[in-house]
Structures are given as C-alpha cells and as structure tokens.
Amino acid sequence: MHIEINANKREAQGTGASRRLRRAGRVPGIVYGGGKDAQAVDFDHKELYFALKNEAFHSSVLSINLDGAKESVLLRDFQMHPYKPLVLHVDFQRVDATHKIHLKVPLHFVNADIAPGVKLGGGVVNHILTEVDVSCLPGVLPEFIEVDLGKLEAGQSLHLSDLKLPAGVELTALARGDDHGVVNLLSRGGGAAEAEGEGGEAAA
C-alpha cells in the first residue's frame with residue numbers, strides 16, 4: 001500500500017510558533033536522518049489525524065511530499081493531547097532503500113474460529129504478542145504478519161520461530177536467540193493454567 005502525506009517546511013520554531021501553528025489547524029513536526037540535516041515541517045491536522053488511525057501508517061514506508069519534493073520516511077513518534085483528539089507533534093525518519101530498518105509490525109491472527117481447540121474443545125485463544133520487531137530492507141517491509149491459528153489444539157502454542165515471514169524479513173528477537181511465545185490456546189479444564197504458565201514464561 002502506498003501512503004503519502006503532505007508537509008510544508010517551517011522556519012519559525014519554539015513554543016510560541018508551535019502554538020500558533022496548532023491554532024491554525026497545523027501540526028508541527030520534524031523529518032530527520034538519512035545523512036541530511038533535520039528539517040522542521042508542519043502538517044494539516046485533519047489529514048495527519050486520520051492518517052494516524054490507519055494501522056498501516058505506523059508500520060509502512062511512507063512518502064512525504066515536502067513542498068513538492070518526495071522522500072521515503074518512517075513514522076517514529078507522535079504526541080497526542082492528554083484528553084482532546086489533537087495531534088501535538090510528529091517525528092519522521094528518512095529511510096535509505098539500501099539500508100536495513102527496524103520497525104514494529106502488527107500481527108494479524110486468522111482462523112481462530114476453526115482451530116480444533118476452539119471449535120471442538122471450547123478453548124480460548126490467548127494473545128501473548130500483538131506486534132513484533134522486524135529487520136529488513138525498506139522495499140520488503142510487510143504491513144503486518146499473519147498468524148494462522150487453524151491447526152491449534154487446546155494447550156498448544158505458537159512461537160516466533162513458527163511464524164511465516166516474507167523473504168528478506170527477519171525477527172530481531174529470534175536473531176538474538178529469543179524464541180518468545182506468540183499465542184496459546186487455553187483449554188477449558190485443568191490445561192488452562194499450564195498453557196497460561198507457558199505463555200507467561202515465553203513472554204518474560
């Protein structure tokens with residue numbers, strides 16, 4: 001999915017300038033990295049606010065249109081108002097197509113309803129992780145990683161090493177030798193405590 005967001009360069013900086021931008025419906029931000037100087041920018045609040053509601057916006061290489069010049073970036077941080085639906089600040093990092101990046105990617109769990117442990121045994125799926133940190137070149141970054149639960153029996157679990165990854169994508173935890181649990185299926189009876197304990201140890 002190609003996602004593009006528009007930005008303007010900004011000269012005025014500081015608390016007062018940022019406050020004036022927000023009153024005008026703009027969001028101050030910064031674009032940094034990639035061997036270039038950091039560039040102060042601002043965005044249309046409405047466009048940015050709704051973009052942040054898109055899961056893929058957080059886990060994809062984005063295109064930022066900065067006064068007509070486009071750059072590839074990753075969303076690295078953003079700040080929200082404590083109780084109002086307002087974006088206060090946002091940070092983007094430039095990416096180089098020839099250098100690997102690290103980013104958290106969401107997990108999408110599928111086929112839980114047909115898992116034998118659920119359909120036949122009445123078990124409950126317990127999600128230990130909902131996202132994983134991956135390392136890859138920007139061009140092969142997945143928006144999400146699918147976790148197929150279709151064959152999971154009561155008391156069984158899936159670990160990082162069980163995940164099917166796109167070519168060129170690796171899990172940083174596995175590279176360190178940490179094969180964390182991802183999901184387990186708690187049985188209705190006495191097996192629930194045992195499976196839960198296994199998940200807790202894996203998550204730890």
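Things worth noting here:
- Filtering segment 62-80 to residues that are under 13 Å from the mean Cα position of the chain (by Cα), closer than 16 Å to LYS100 by Cα and either hydroxyl-bearing (Ser, Thr, Tyr) or surrounded by fewer than 19 Cβ atoms within 10 Å (Cβ to Cβ) (or both) leaves only ARG76.
- Picking from residues in segment 21-40 that are under 24 Å from the mean Cα position of the chain (by Cα), within 17 Å of ALA51 (Cα to Cα) and not hydrophobic (A, V, I, L, M, F, W, C), the one that is surrounded by the fewest Cβ atoms within 10 Å (Cβ to Cβ) is PRO28.
- Of all the listed residues (LYS84, LYS70), the sole one being charged (D, E, K, R) and without any contact (Cβ under 8 Å) to a residue 40 or more places away in the chain is LYS84.
- In segment 95-106, the residue that is surrounded by the fewest Cβ atoms within 10 Å (Cβ to Cβ) out of those that are in contact (Cβ under 8 Å) with a residue 40 or more places away in the chain and under 17 Å from the mean Cα position of the chain (by Cα) is HIS102.
- Number of positions in segment 157-172 that are surrounded by fewer than 16 Cβ atoms within 10 Å (Cβ to Cβ) and under 15 Å from VAL147 (Cβ atoms): 4
- Of the criteria (1) basic (Lys, Arg); (2) part of a strand (DSSP E or B); (3) within 21 Å of GLU47 (Cβ to Cβ), which one LYS84 fails: (2)
- Qualifying residue in segment 47-60 (condition: over 14 Å from the mean Cα position of the chain (by Cα), part of a strand (DSSP E or B) and of a type outside the set (Val, Ile, Thr)): no
- Sub-6 Å Cβ pairs linking a first residue in segment 41-63 that is more than 20 Å from PRO106 (Cβ to Cβ) to a second residue that is of a type outside the set (S, T, N, Q) and assigned to a helix (DSSP H, G or I), at least 6 apart or interchain, are ASP42/LEU21, ordered by first then second residue.
- If you filter segment 105-144 down to residues that are among the β-branched types (Val, Ile, Thr) and outside any helix (DSSP H, G or I), you find that the one that is nearest to LEU165 (Cα to Cα) is VAL134.
Every read-out reported here was derived from the displayed coordinates using simple, explicitly stated rules and does not represent laboratory data. Keep in mind that this is a model prediction, so the values were computed, not measured. Reconstructed Cβ throughout: ideal geometry from the backbone, glycine too, with neighbour counts over all protein chains shown.
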